[in-house]
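The values are calculated or read from the model by the stated rules, or taken from the named source; none is laboratory data. For clarity, every value in this text was computed on a predicted model and none was experimentally measured. Cβ sites come from the backbone with ideal geometry, for glycine too, and all protein chains shown count toward neighbours. Accessible surface areas use protein heavy atoms only, side chains included; no ligands, DNA or RNA. Shrake-Rupley method; radii C 1.70, N 1.55, O 1.52, S 1.80 Å.
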Amino acid sequence: MPRIGFYGDDFTGSVDALLQFRRAGLSGVLVTSNDVEIPAGDNDVVGIAGVARSLPTEAMAAEVVPALRRLLDLDPIVVQYKACSTADSSATVGSLGRAIELARKLFPAAPVPVLFAQPDFGRYTFFSHHFARDGDLIHRLDRQPTMVNHPVTPATESDLRRHLASQTTVAIGALHWPAIADAQRLEAALNSGEGTVVVCDAFTNEQIDRVAAAILTGPHQPRFVLGSGGLSGGLGRAMDVPHRLPPPASDPTPATGPTLVLNGSRSAGTRGQVEAAARAGWPTLDLFAPATPQRAARLHAAGSDLVVDAAATPRPGPSISQAVEVGLADLADTCLRQNPTTRLVVCGGDTSGKVLRHLGVERLTVVGQPWGNVALCEASGAAPHLRQVELVLKGGQMGHLDLFDDVRHGRRYEPSDVTSHSPHRLIPDSSRERPGCSPTPPPARTPR
């Protein structure tokens, strides 16, 4: 039986969790819906990739409850609800408070540890206030340019206790960093008080590991926890497993077929990556321009690498999301049928899950980590052209500027260690972004 089960509330976040467990030496597999059979085998980790982050709160039970029940049936030690490291949610969309309420009805009564820190992503929690990197700066969450301007769940509160309190009536407590070094206080905070949510500070991996170890040694099993890929990594490192895998491959090979980038992300980071690809000579097509599907198929058939951009021009309307997902999935299907060796890149946390489900992808495994926290995966589905698809999923704020070019050429990228080497500056609470100021783009890749 797997030792850890997790449900990811979007697909890029689910792959991040799988990567963090894999980096800790645990074997794992990710399925793309509750309807996909979990493959037999001795996996330490089983994940279910979901779409709860983009769902109205009233629709979450139908998505989340069957997934949590299915994971419970596997009898793991711990089940993680994997959420974005920027705590993307609100009372009306993708509510993390609602996720906690649903889980409390299924799991043994126990405190619910909540940890969003992920230092290698530039995410830190200090006295319950959350901070997130943007470019070379660290901002309080409600000052971080991308999150403040998030189109669905804009950040208005950095105190994670208050953020969650707006989404649930469950009592919310906190574990602040001075208590993490005190084993007795740490154990008491995480294992006493049946109905509480415990928001955990962390700004180093050592602190995360202490919290994870306390979770795993507590008396409550199976244990429900909620948090980022940082928590996934900590649980993986603290888990007692008989054999650990070597680190995932960090030296990629060039794509054997054309590379197809499908973009549904509206983040400034992804926009910079699309523009960098265009400067590097990639044909870049607007999904909604006339004859784009036909032109994209012709270019792909001729062996061209290609970006198809569904976010080039803002297009309002209730049906636009479905048009994006179906349009990008249909293009991917056409191109993979023409050439199954296509290396596929899908951008957008909410978009990617619906694209892959529409395409028919059923399972993912991590095969490499050549580009920081952007993983190279192998995806598979029932159709012949989906047997072994090279796949990269990228959330809006993930990846360096030249990511697409490095993916197609198989070039390795090593980001600096933001916890000790990079000159990130902390923005004081009193600071304000200038109106209309664009977030700093990620630094350009230094050739190796």
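Overview of results
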item	result
Residue within the stretch 330-342 that is assigned to a loop (DSSP other than H, G, I, E, B), open to solvent by less than 10 Å² (accessible area, probe 1.4 Å) and within 20 Å of HIS300 (Cα to Cα) present	yes
Wholly within the stretch 345-417, strands (runs of 3 or more DSSP E) carrying at least 2 residues that are crowded, with 18+ Cβ neighbours inside 10 Å and free of Cβ contacts under 8 Å to residues at least 40 places away in the same chain	374-381
Cβ-Cβ under 7 Å pairs, at least 6 apart or on other chains, the stretch 274-287 side at pLDDT 95 or above, far side among the hydroxyl-bearing types (Ser, Thr, Tyr) and not in a strand (DSSP E or B)	PRO283/SER304; LEU285/THR292; ASP286/THR292; ASP286/THR313
Residue within the stretch 308-327 that is surrounded by 19 or more Cβ atoms within 10 Å (Cβ to Cβ), of a type outside the set (Ser, Thr, Tyr), at pLDDT 95 or above and closer than 30 Å to VAL78 by Cα present	no
Meets criteria (within 21 Å of the chain's Cα centre (by Cα) and touching a residue at least 24 places away in the same chain (Cβ under 8 Å)) for ALA249	yes
Residue satisfying condition, being under 13 Å from the mean Cα position of the chain (by Cα) and at pLDDT 95 or above, within set ALA59, ALA83	ALA83
The stretch 152-196 - residue that is in a loop (DSSP other than H, G, I, E, B) and touching an Asp or Glu at 6+ places or on another chain (Cβ under 7 Å) and, of those, most open to solvent (accessible area, probe 1.4 Å)	THR156
Residue list for the stretch 351-375, filter: modelled with pLDDT under 95 and touching a Gly at 6+ places or on another chain (Cβ under 6 Å)	THR351, VAL374
Which listed residue is under 27 Å from GLY193 (Cβ atoms) and of a type in the set (Ser, Thr, Tyr), from SER85, SER33	SER85
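Residue-wise test of (1) farther than 26 Å from ALA379 by Cβ; (2) open to solvent by less than 10 Å² (accessible area, probe 1.4 Å); (3) in a helix (DSSP H, G or I); (4) not basic (Lys, Arg).
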residue	(1), (2), (3), (4)
LEU26	no, yes, no, yes
ASN34	no, no, no, yes
PRO76	no, yes, no, yes
SER90	yes, no, no, yes
GLY97	yes, yes, yes, yes
PRO108	yes, no, no, yes
